[in-house]
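Here is the structure we will look at.
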Amino acid sequence: IRDEENGYNENLFCIPKHYEEDLERVFIPHGLILDRTERLARDIMQDMGSHHIVALCVLKGGYKFFADLLDRIKALNQNGDKSVPVTVDFVRIKSYC
């Protein structure tokens, strides 16, 4: 996102009541995030071919995105012409330094 990006007006979205006072703009709509997540899942499936996928989630910050991405991969596995084994694991990092 460029610094001069204005984003989208918050009136275009259904904002939870407890965020209304704090929110001025939406920079990345949820639908766009879902679209990009599905595109990433498709790219992963294509790049991995029939190789086993080992998915590793860094806890505390990435679990929601991780779950969404795995849901998309699972859907592609179920609805596609091939099924790729997926192993899931989690790590907790004390510091990013």
Counting only residues that are open to solvent by 70 Å² or more (accessible area, probe 1.4 Å) and either at positive phi or over 13 Å from the mean Cα position of the chain (by Cα) (or both), how many does the stretch 37-63 have? 8
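If I ask for residues that are in a helix (DSSP H, G or I) and modelled with pLDDT of 90 or more, which ones from the stretch 47-64 would you list?
Once the filter is applied, which keeps residues that are in a helix (DSSP H, G or I) and modelled with pLDDT of 90 or more, the stretch 47-64 yields only 47.
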Look through the stretch 65-97, keep the residues that are of a type in the set (A, V, I, L, M) and in a helix (DSSP H, G or I), and return whichever of them is nearest to the chain's Cα centre (by Cα). 69
Which ones in the stretch 71-97 are surrounded by 12 or more Cβ atoms within 10 Å (Cβ to Cβ) and over 12 Å from residue 45 (Cβ atoms)? 71, 88, 90
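The values are calculated or read from the model by the stated rules, or taken from the named source; none is laboratory data. The structure displayed is predicted, hence computed values, not measured ones. Every residue, glycine as well, gets a Cβ built from its backbone with ideal geometry; the counts of neighbours run over all protein chains shown. Heads up: the accessible areas ignore ligands, DNA and RNA and are worked out on the full protein's heavy atoms, side chains in. Shrake-Rupley method; radii C 1.70, N 1.55, O 1.52, S 1.80 Å.
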